[in-house]
Protein chains: 2
Amino acid sequence: MSAGGPDEFEIIAKYFSWPSARSDVVLGIGDDAALLTVPAGRQLVAAMDTLVEGIHFPAGTAARDIGYRALAVNLSDIAAMGADPAWTLLSLSLPRSDDSWLEGFAAGFHELAVQSGVALVGGDTVRGPLVISVQILGHVATDGALTRSGARPGDAIYVSGIPGEAAAGLAVIQQRLAGSPATRFLRQRFLRPEPRVALGQSVRMVASAAMDVSDGLLADLGKLCAASGCSARIDLERLPASAAMRSLFAASACERFALAGGDDYELLLTVAPGRESEFHRRLAGETACTRIGEVVAVAGAGDTVQCCREGRPVSVEAAGFDHFAPGTSA
Amino acid sequence: MSAGGPDEFEIIAKYFSWPSARSDVVLGIGDDAALLTVPAGRQLVAAMDTLVEGIHFPAGTAARDIGYRALAVNLSDIAAMGADPAWTLLSLSLPRSDDSWLEGFAAGFHELAVQSGVALVGGDTVRGPLVISVQILGHVATDGALTRSGARPGDAIYVSGIPGEAAAGLAVIQQRLAGSPATRFLRQRFLRPEPRVALGQSVRMVASAAMDVSDGLLADLGKLCAASGCSARIDLERLPASAAMRSLFAASACERFALAGGDDYELLLTVAPGRESEFHRRLAGETACTRIGEVVAVAGAGDTVQCCREGRPVSVEAAGFDHFAPGTSA
């Protein structure tokens, strides 16, 4: 971990130096760079995601939740590749050295690092506006990664968990809805996304394509389709229902949350017709996945992702989706 | 490269998608993560450095120089390990999408990426204050990396290039000194640090320890000593002289720049007595290195790094070094 001055050294030593059980960390924090051993027969998987206050989480979010979230959104990228997470680097730009904030942030980050078996091996802390960048590194069997580009017409489209609950949780926070089991549940769904690492690993050999949902189901499915050179049909009545969401919001709002709300960090998966039974076998014990539609051939003009209700195409743009910008700032 | 919305996709496609000749990039920008091949028998080297306007470069610095610098300071960490740079991920937090700024930034980043053979394989762009995080990945022969911890009493201490010129260049910029060949030269030394990648590779098997100088020679040598469990003596009269620096600044200021100014991104190297002739053989054709002192045993109380003038210990703190905070904000 390179240092911007004595302060930084103290911050790193005090808050970010915890023992790791990983024997593949030859050299961790403290030198100019980390030295790591990638196992033979594995490809390196690398991603980087940045969080800015007011854009990726509301101002006032607890430091512990920010720390957790910063690692979670990166682990979600590893999950989408079906890979094994291994190491992380953290760059923290902070207006001032605030002990209780740093303690909380480090605790949240550490909590998920331990849970996911990831070692913090480097990065830096600098003085500046609150911006958090996390680099995640992992590995996967050579040529065995899930990608966005493998979907083919006829493949079933699945989504894990219940998309929309995170966006509903953000609405709970922003609208300061009164505390109840439902609001507390949804708040947690926003504040503590669960990266679907185990799910990605389980279905790696069976799914034809995968992607994590960070910018909203429709927007992200559109990207998967673009990468795969195909289109998609979503059957709106198949979207998994959330009791907590339904108890607080109108059905139309729930549908909007599910289709356009980001931050779910669930996985979108496509599965070829002949592999669906194996797919379901591999799901045993994992996060439930719901079949929400089908990959179709590109049909000239029109939306890449076509929404249908009871078999009839509907225009979701006309229902107000244009007002929902992708991302957590929605 | 994960996306924060359609804007980000456009930005990435427009400014940051250039072809790379690296065959070890299995999957670059455009999926949830990059897929990379680390050659057999090599360890992965990973570092991350963040740049904040006003802290790591003066406000008003040309976007092209910022782009170059963001990659340069990271390559310098790879150089300090004696490793081969390979891949980079870039996270750009930007207040607004400014075409000419993005064009300039991308051009500077691209310029050095091509020059150093590094492929940009991922990252993200987000809306936020101007903060640039770069992740650099490389590799090195297993157990062959240079580290900070190998210095032993009796080893010679070398520094590459002319430390202090970057700090003098920053002073030229901040004091708005009139244009002249000397001011232009020093400005470039600050704006365009040259990561000593080839030098690190050349001396990897010969040097006992290495570190790049980002926070000032004395501060960084102190960290190398701490990692190696030893102390150091610097002979001030051996510091390499810079004609440009001398033409603009008093001798005492030049010494301060050399000892306490950061941003040089030169390499500090230690060499065991029996390896010095081989060290010099390997230097042929590389950046000149100057022997500036010696590693000594820890001698109880006192500074880790002792400065001497004509053989006599001098206190550089007394000469005003306390007023120089490490880092580019000095």
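The values are calculated or read from the model by the stated rules, or taken from the named source; none is laboratory data. Because the structure is a prediction, the values reported are computed rather than measured. Positions of Cβ are generated from backbone atoms using ideal geometry, with glycine treated the same way; all protein chains shown enter the neighbour counts. The accessibility values were calculated without ligands, DNA or RNA, using every heavy atom of the protein model including side chains. Shrake-Rupley method; radii C 1.70, N 1.55, O 1.52, S 1.80 Å.
Take B:Asp155 and tell me if it is touching a residue at least 60 places away in the same chain (Cβ under 8 Å), open to solvent by less than 10 Å² (accessible area, probe 1.4 Å) and facing chain A (nearest Cβ under 7 Å).
On the way: touching a residue at least 60 places away in the same chain (Cβ under 8 Å): yes; open to solvent by less than 10 Å² (accessible area, probe 1.4 Å): yes; facing chain A (nearest Cβ under 7 Å): no.
No: the conditions fail for B:Asp155.
Residue check, A:Ser93 against (1) over 17 Å from A:Ala166 (Cα atoms); (2) without any contact (Cβ under 8 Å) to a residue 24 or more places away in the chain; (3) not charged (D, E, K, R), all met but one. Which one?
In the conditions (1) over 17 Å from A:Ala166 (Cα atoms); (2) without any contact (Cβ under 8 Å) to a residue 24 or more places away in the chain; (3) not charged (D, E, K, R), A:Ser93 misses (2) alone.
Restricting attention to the range A:69-77, does a residue exist that is under 21 Å from A:Gly28 (Cα atoms) and either modelled with pLDDT under 95 or over 16 Å from the mean Cα position of the chain (by Cα) (or both)?
Checking the range A:69-77: not a single residue is under 21 Å from A:Gly28 (Cα atoms) and either modelled with pLDDT under 95 or over 16 Å from the mean Cα position of the chain (by Cα) (or both).
Only strands (runs of 3 or more DSSP E) wholly contained in the range A:27-142 count here; list those with 3 or more residues that are open to solvent by 10 Å² or more (accessible area, probe 1.4 Å) and either charged (D, E, K, R) or more than 9 Å from chain B (Cβ to nearest Cβ) (or both). First the steps, then the outcome.
On the way: elements: A:34-36, A:42-52, A:84-94, A:119-127, A:131-141.
Qualifying strands (runs of 3 or more DSSP E): A:84-94.
Report yes if A:Gly150 is over 16 Å from A:Ser242 (Cβ atoms) and assigned to a loop (DSSP other than H, G, I, E, B), otherwise no. Walk me through it before giving the result.
Details: over 16 Å from A:Ser242 (Cβ atoms): yes; assigned to a loop (DSSP other than H, G, I, E, B): yes.
So A:Gly150 fits the description; yes.
Please work out which residue is farthest from B:Thr270 (Cα to Cα), limiting yourself to the range B:192-229 and to residues that are surrounded by fewer than 21 Cβ atoms within 10 Å (Cβ to Cβ) and of a type in the set (A, V, I, L, M, F, W, C).
Only one residue fits best here, namely B:Ala198.
Determine, yes or no, whether B:Val172 is buried (at least 24 other Cβ atoms within 10 Å of the Cβ), away from chain A (no Cβ under 14 Å), in a strand (DSSP E or B) and in contact with a Leu (Cβ under 6 Å, 6 or more places away or on another chain).
The answer is no for B:Val172.
Which ones in the range B:237-268 are open to solvent by less than 10 Å² (accessible area, probe 1.4 Å) and farther than 17 Å from B:Leu170 by Cβ?
Of everything in the range B:237-268, those that are open to solvent by less than 10 Å² (accessible area, probe 1.4 Å) and farther than 17 Å from B:Leu170 by Cβ turn out to be B:Leu267, B:Leu268.
Kindly indicate whether any position in the range A:284-291 is surrounded by 14 or more Cβ atoms within 10 Å (Cβ to Cβ) and over 24 Å from A:Leu71 (Cα atoms). Give the derivation first.
In the first step, residues of the range A:284-291 are kept if they are surrounded by 14 or more Cβ atoms within 10 Å (Cβ to Cβ); the result is A:286-287, A:289-291.
Remaining after also requiring over 24 Å from A:Leu71 (Cα atoms): A:290-291.
Yes, the conditions are met somewhere in the range A:284-291.
Considering only the range B:274-291, how many residues are of a type in the set (A, V, I, L, M, F, W, C) and at pLDDT 95 or above? Talk me through it step by step, then tell me what you get.
Step one: of the range B:274-291, the residues of a type in the set (A, V, I, L, M, F, W, C) are B:279, B:283-284, B:288-289.
Imposing the further condition that a residue be at pLDDT 95 or above reduces the set to B:279, B:289.
The qualifying residues number 2.
Given the conditions (1) more than 29 Å from A:Phe279 (Cα to Cα); (2) modelled with pLDDT of 95 or more, and given that A:Leu112 satisfies all but one, which numbered condition is not satisfied?
It is condition (1) that A:Leu112 fails.
Is it fair to say B:Met1 is buried (at least 20 other Cβ atoms within 10 Å of the Cβ), modelled with pLDDT of 95 or more and within 14 Å of another protein chain (Cβ to nearest Cβ)? Walk me through it before giving the result.
On the way: buried (at least 20 other Cβ atoms within 10 Å of the Cβ): yes; modelled with pLDDT of 95 or more: no; within 14 Å of another protein chain (Cβ to nearest Cβ): yes.
So B:Met1 does not fit the description; no.
For a quick check of your reading of the model, give me the residue pairs whose first member lies in the range A:100-127 and is closer than 14 Å to A:Gly67 by Cα, whose second is acidic (Asp, Glu) and open to solvent by 20 Å² or more (accessible area, probe 1.4 Å), with beta-carbon atoms closer than 7 Å and at least 6 apart or on different chains.
Partner pairs satisfying both residue conditions: A:Gly108/A:Asp65.
Tell me the residue from B:Val296, B:Val305 that is hydrophobic (A, V, I, L, M, F, W, C) and under 24 Å from the mean Cα position of the chain (by Cα), please. Give the derivation first.
On the way: B:Val296 fails: under 24 Å from the mean Cα position of the chain (by Cα).
After applying the criteria, what remains is B:Val305.
Can you tell me which residues in the range B:307-316 are open to solvent by less than 70 Å² (accessible area, probe 1.4 Å), touching a Lys or Arg at 6+ places or on another chain (Cβ under 9 Å) and modelled with pLDDT of 90 or more?
B:Cys307, B:Cys308
Got at least one residue in the range A:175-194 being in contact (Cβ under 8 Å) with a residue 60 or more places away in the chain and within 14 Å of chain B (Cβ to nearest Cβ)?
yes
Can you name the residue in the range A:292-305 that is in contact with a strand residue (DSSP E or B) (Cβ under 7 Å, 6 or more places away or on another chain) and open to solvent by 70 Å² or more (accessible area, probe 1.4 Å) and, of all such residues, is modelled with the highest pLDDT?
Once the filter is applied, the top-ranked residue is A:Val298.
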